[in-house]
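Have a look at the structure below before the remarks.
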Amino acid sequence: MEAADAADQINEIVEEDGKRHDLRTQGALTIALLAMLLAITSVGGGNAMKEMINANIATSDAYAFYQAKNIRQTAIRVAADEMEMLIGVVPAAGQAAMQRRIDDYKATVARYESEPDPANPTDPTKGEGKKELLARAKSWEERRERAQLQDPNFDFSEALFQIAIVLGSVSIVSS
């Protein structure tokens, strides 16, 4: 083998080694990019899960408040009905006081049905009446369902990025 042939072979090895080095560098940068996307996807998935849990709690709270209002409203209705039945038995002097109490009870029953927020009366999700509580619960349900629809997409994305990272690592090692 002559010196020129040896020099050519050395140059070929160096060029091939340089190409391998470039391939490994590109692979490492690709894996770093995939890892960054995996981290972003993980954060998005965590946020979707938190939103789903928070919306579920808020939905449950709104429905519980609605049920409590309904129970109070029913109890007051029953009390007003009983007083109306007894109004004829009470002496005339007490009938006026009893009628005022019945009227107060009926006003409270009506207020429990719809009690908009004085600061924002046009927003149906604000306020503490049964109508507003039901609208609030429905709004939270929609947020929960939207987060439930997003969460699997983040899970699939995370899995695909993890698989891509593994395959990229294997390709670097095998080259």
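The values are calculated or read from the model by the stated rules, or taken from the named source; none is laboratory data. Keep in mind it's a predicted model, so treat the numbers as computed, not measured. Using ideal geometry, Cβ is built from the backbone for each residue, glycine included, and neighbour counts are taken over all protein chains shown. Surface areas here come from the heavy atoms of the whole protein model, side chains and all, with no ligands, DNA or RNA. Shrake-Rupley method; radii C 1.70, N 1.55, O 1.52, S 1.80 Å.
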Q. Taking only protein heavy atoms and a 1.4 Å probe, what accessible area per residue, in Å², does the chain have with all protein chains in place?
A. 68 Å²
**Q.** Spacing of the two label points (7 Å from each Cα toward its C-beta) at Leu149 and Lys106, in nm
**A.** 4.6 nm
Q. Given 0.36 nm per residue, what is the gain on full extension from Ala64 to Ala159 after removing their alpha carbon distance, in nm?
A. 30.4 nm
Q: Using a 1.4 angstrom probe on heavy atoms only, work out the carbon and sulfur share of the accessible area of region 88-148 in %.
A: 51 percent
Q) Okay, helix-only estimate at 222 nm for the chain: each DSSP H run of n ≥ 4 adds -39500 (n - 2.57), divide by all residues, round to 500 deg cm²/dmol; what do you get? A) -32500 deg cm²/dmol
Q) In angstroms, what radius of gyration and Dmax does region 82-129 have, counting Cα atoms only? A) 15.9, 46
Q.
How large is the Kirkwood hydrodynamic radius of region 96-175, counting all unique pairs of alpha carbons, in Å?
A. 17.4 Å
Q. Fully extended, how many nm does the chain gain between Arg24 and Met83 (0.36 nm per residue separation, minus their Cα-Cα distance)?
A. 12.5 nm
Q: Determine the relative contact order of the chain: mean sequence separation of Cα pairs under 8 Å and six or more apart, normalised by residue count, in whole percent.
A: 35 percent
Q) Which whole-angstrom value gives the distance between the alpha carbon centres of region 134-149 and region 30-50? A) 25 Å
Q. Under the Kirkwood approximation applied to all pairs of distinct alpha-carbon atoms, what is the hydrodynamic radius of the chain in Å?
A. 22.9 Å
Q: Tell me which residues come under 5 Å, amide H to amide H, from Gly127 once H is placed; ignore anything under 5 positions away on its chain.
A: Asp117
Q.
If each residue of separation counts as 0.36 nm, what is the full-extension length gain between Ala35 and Asn120 once their alpha-carbon separation is subtracted?
A. 26.0 nm
